[in-house]
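Notes for the one structure printed next.
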Amino acid sequence: MSLKKQRLFWTALFLLMILASFIIPFTPLLSDLTSLYGAFLFWSVFAIIIIICLGLITAKWRNFDER
């Protein structure tokens, strides 16, 4: 995959995750859980997903100027 396509993919993915962080807590998706447990579960899972994505992005960084 070219660098331009990768940037577009990661940008779109992060925009979707940002939208999800605003939309999901206000939907009845977590309504069966107590307010505190639902919020803790959502933000814990959300944070783990973000950390994994950022790890995948930074794992392939290289400094090509050191030749």
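Only the coordinates and a few stated rules stand behind these numbers; no lab work does. Small disclaimer: the values here were computed from a predicted structure and weren't measured. So basically every Cβ, Gly included, is an ideal-geometry build from the backbone, and we count neighbours across all protein chains shown.
Observations, loosely collected:
- Put a dot 7 Å past the Cα of Ile24, heading toward its Cβ, do the same for Met1, and the two dots end up 2.0 nm apart.
- In sequence order, calculated HN-Hα J values of region 42-57 (Karplus, 6.51, -1.76, 1.60; Hz; x Gly/Pro): 4, 5, 5, 5, 4, 5, 5, 5, 4, 4, 5, 4, 5, x, 5, 5
- Estimated distance in nm for a label pair at Leu16 and Trp61, the labels positioned 7 Å out from Cα along Cα-to-Cβ: 2.4
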